[in-house]
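The numbers here are math on the coordinates, done by the rules we state, and not lab data. None of these values were measured; they are calculated from a predicted model.
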């Protein structure tokens with residue numbers, strides 16, 4: 001019997017910190033998960049009619065790729081995918097694609 005491999009979630013934790021806890025609170029973020037490599041943070045949001053899931057992936061060039069999804073019980077469709085997002089643009093990109101504010 002093999003032991004389960006522990007996922008290093010430090011990158012996902014860093015992404016979460018870079019977006020900010022206040023932003024997560026204002027988005028009603030929930031169901032935070034990471035992929036098996038630990039380089040992706042996926043979370044659901046509440047309050048947006050356009051998007052209900054955001055996926056943020058750290059790329060090799062130290063930028064992020066952001067995917068915005070609308071997921072329903074019947075289908076999942078990607079609303080937008082934005083590549084080469086710098087850390088200082090994470091929150092503005094979320095605001096643009098969700099229509100929700102991440103700060104007061």
- Query: Could you give the length gained on full extension between residue 13 and residue 35, defined as 0.36 nm per residue of separation minus the Cα-Cα distance, in nm?
  - Reply: 6.7 nm
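What length, rounded to one decimal in nm, is gained on full extension from residue 65 through to residue 24, with 0.36 nm per residue of separation minus their alpha-carbon distance?
Working: separation 41, 0.36 × 41 = 14.76 nm, distance 1.82 nm.
Length gained between residue 65 and residue 24: 12.9 nm.
With N denoting the number of residues in the chain, provide Rg(C-alpha) divided by 2.2 N^0.38 Å, to two decimal places. Spell out each step's value before the answer.
Details: Rg = 13.9 Å, N = 104, 2.2 N^0.38 = 12.8 Å.
Rounded to two decimals, the normalised Rg is 1.08.
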- Item | Mean ellipticity per residue at 222 nm, deg cm²/dmol - from DSSP H runs of n ≥ 4 across the chain, formula -39500 (n - 2.57) | -7000 deg cm²/dmol
- Subtracting the Cα-Cα distance from 0.36 nm times the residue separation, let me have the gained length for residue 80 to residue 46 in nm, one decimal. 10.5 nm
